[in-house]
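A short worksheet on the structure shown next.
The values are calculated or read from the model by the stated rules, or taken from the named source; none is laboratory data. The structure displayed is predicted, hence computed values, not measured ones. The area values use the complete protein model at the heavy-atom level, side chains included, leaving out ligands, DNA and RNA. Shrake-Rupley method; radii C 1.70, N 1.55, O 1.52, S 1.80 Å.
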Amino acid sequence: MAEPVAPAKSSGSNSVVAGKSQGEGSAAAAAAQSADHVTLTESARSMQKIEEAVAKTPVVNADKVAAVKHAISSGTYKIDAGRIAGKLLKYERGLK
């Protein structure tokens, strides 16, 4: 009669099923106790680098904000109502 094998101490979802034959149970216990191994593909590494670069990039372009503030305060900032209306319509159509 096969003896039940105690579940491996693991934080993951790997566990050993009780009631297997001793050979199968030993193999399952060894597999459950082995360390997990992760290999990243080249594209995953590239995505990681891009994500890090984006995280370091400031959300606000300080130079552009300063230029717009200067243009507003000096009265030279021009508003293109047609361009704004076109972008609002494009946005509105995208919501449907």
Open item on the list: Given the criteria modelled with pLDDT of 85 or more and open to solvent by 90 Å² or more (accessible area, probe 1.4 Å), does Met1 qualify?
Closed with: no
Task: Residue satisfying condition, being modelled with pLDDT under 95 and open to solvent by 100 Å² or more (accessible area, probe 1.4 Å), within set Lys69, Lys9 - done: Lys9
